[in-house]
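Take a look at the structure below.
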Amino acid sequence: MDPWLIWLIIAAVLAAAEIFTVTAALGMLSVAALVTAGSAAVGLALPLQFLVFTVVATVSVLFVRPIALRHVLQPQAERFGVDALIGKGALVTSEVTGLGGRVRIGGEEWTARAYDETLVIPPGKMVDVMEISGATAIVYPRD
């Protein structure tokens, strides 16, 4: 069997293994094997093929992988949906207690409950949205 074909098979096996591990390390090794398959196809001697594999694998694992992981593990810049409401201010439109009430958040009317169940928050008071539970805003007074 030709050396380039062996390297190609190694690259495919490493790529398939990367799908199950999601570590990016096996993906980088797969790319190194693919580059080595190209060098073997142009007729590079076997010891030089191993050198190409070693150099490409080392460079990709040490330098490219940390950059890729940093981008993948970066926290989401924007919050969407109800997550975006947490921390926003709201105006109490109907008295809010530990059992219920109504608030206006960004022009929308929401059912609400007090974060501290012993509190009674009168209408017209500003509150902060602490969390969203279903369709109910859990709020706490600003003062």
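The values are calculated or read from the model by the stated rules, or taken from the named source; none is laboratory data. Keep in mind the model is a prediction, meaning the values are calculated, not measured. For neighbour counting, all protein chains shown are included, and Cβ atoms are generated from backbone atoms with ideal geometry for every residue, glycine included. Calculation scope for accessible area: heavy atoms of the full protein, side chains included, ligands and nucleic acids excluded. Shrake-Rupley method; radii C 1.70, N 1.55, O 1.52, S 1.80 Å.
The packing ranking, built from the mean of other Cβ atoms within 10 Å per residue, places the peptides 52-59, 20-27 in the order 52-59, 20-27, highest first. Using a probe of 1.4 angstrom and keeping all protein chains present, the accessible surface of the range 1-58 works out to 59 square angstrom per residue. Could you give the angle, 0 to 90 degrees to the nearest 10, between helix 25-41's Cα long axis and the longest principal axis of the Cα atoms of the chain? Result, in degrees: 30. Working from label points 7 Å from Cα in the Cα-to-Cβ sense, the Thr23 to Glu117 distance is 4.7 nm. On the chain, 67 percent of the accessible area sits on carbon and sulfur atoms, based on a 1.4 Å probe.
The structure-derived value of Rg/Rh (Cα atoms, Kirkwood Rh) appears in the list [x] 1.03; [y] 1.48; [z] 0.94 under the label [y]. How far is helix 46-59 tilted, in degrees, relative to the longest principal axis of the Cα atoms in the chain, given as a value from 0 to 90 rounded to the nearest 10? Its long axis makes an angle of about 20 degrees.
Using only Cα atoms, find the angle between the long axis of helix 3-21 and the longest principal axis of the chain, and express it within 0 to 90 degrees, rounded to the nearest 10. Result, in degrees: 20.
Is the range 85-143 rounded, prolate or oblate when judged by the Cα gyration tensor, a ≥ b ≥ c being the square roots of its eigenvalues, rounded requiring a/c under 1.5 and prolate requiring a/b larger than b/c? Judged from the Cα gyration tensor, the range 85-143 comes out rounded (a/c under 1.5).
Considering only DSSP beta bridges with both partners in the range 6-143, what is the antiparallel share in %, to the nearest 5? Of all bridge pairs located within the range 6-143, approximately 80 percent are antiparallel. Helix-only arithmetic for the chain: the sum of -39500 (n - 2.57) across DSSP H runs with n ≥ 4, divided by the residue total, places the mean residue ellipticity at 222 nm at -13000 deg cm²/dmol.
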